[in-house]
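K.L.:
Okay, handing you the structure first.
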Amino acid sequence: MNIQYYIQKSLIELGLSEGEAKIYFEVLKKPGVEASFLQKQGKYSPAGIYKILNSLTDKGILISVKSGRMSAYFPVPLVDISKKLDTKKRKIARISDKLKELDRLKSLPNEVELYEDTELSDFYLNIPYKIDDFIWCIGSFEAVVHFFGADIEKQFINTRIKKGHTADAVIFDNSDYAKDLARRNASEKRETKFVQHNGYPMEFSYLYGDTYLNFYRDSEGEVKVLKSESPEIAKAKNIQYQMLWNSTQG
């Protein structure tokens, strides 16, 4: 059975129809797509495609963003859908794991890079020089310290400050490192919000311009960097992060 079959099966388990599962896949492959494109792909009537899109939006599977008279549709991240699956049977939990892996590999097709040891630190310290204005920081700050160490992170922040770049951070852990970071917000040109999540993985993401970076440790313990320079993915991530920021207390 291929991964698409597993995911369609899991979405149907969540109460989606076969047509809804297929449309979700089309949006997953092309974030920001309009209804007219989906209508042609699936050979639906105008009423039929809007019925499916409205249903998926109401169920929290798609995000609709108005642009003039038209609406663009973006997929809710597969990892978020997987959380719903985690509450189901052990059999469905196996599908959840596949969704989490696919969220990295399927939705970020442009480039995958692996850096190790000093190479990884050099890559990380070069990021502030590539930022034009503003950077999103999302995830576990404890992971930042574990992957690079406090000294490397301080160099990163100092360079960002010297370049005049501000940051918004949504942090999913309650570690001493994270609390200390929040206390330095004013001096380090940053706003920080916390989301209490005991099961959040040891990983974090940056978004600046059209660049999306996800740092995580794989099953063998190696730190990997998933890198995307897709305007479509950056736009979708920016919308997701803005919604998360607006719904989170400081």
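K.L.:
Counting other Cβ atoms within 10 Å, which trypsin sites (Lys or Arg not before Pro) in the range 112-194 have at most 16 and lie in a DSSP loop?
P.N.:
Lys163, Arg184, Lys189
K.L.:
When a/c reaches 1.5 or more, the comparison of a/b and b/c decides; with that in mind, is the range 111-246 rounded, prolate or oblate per its Cα gyration tensor?
P.N.:
The shape class here is rounded.
K.L.:
Length gain on complete extension for the stretch Glu18 to Gln41, per 0.36 nm per residue less the alpha carbon to alpha carbon distance?
P.N.:
Working it through step by step, the gained length comes to 6.8 nm.
K.L.:
Now for a separate question. With a ≥ b ≥ c the root eigenvalues of the C-alpha gyration tensor of the range 192-250, is it rounded (a/c under 1.5), prolate (a/b larger than b/c) or oblate?
P.N.:
Because a/c hits 1.5 or more and a/b fails to exceed b/c, the range 192-250 counts as oblate.
K.L.:
Right, here's the next one. How many nm is it between the label spots at Thr159 and Lys30, if each spot is 7 Å from the Cα in line with the beta carbon?
P.N.:
That separation, rounded to one decimal, is 3.8 nm.
K.L.:
Sticking with this one: Does the range 144-197 come out rounded, prolate or oblate by the C-alpha gyration tensor, with a ≥ b ≥ c the root eigenvalues, rounded set by a/c under 1.5 and, if not, prolate when a/b is larger than b/c and oblate if not?
P.N.:
The shape class here is oblate.
Throughout, read-outs are computed from the coordinates displayed, never taken from laboratory work. Owing to the predicted nature of the structure, the values given are computational and were not obtained by experimental measurement. When we count neighbours, we look across all protein chains shown, and the Cβ atoms used for this are built from the backbone with ideal geometry, even at glycine.
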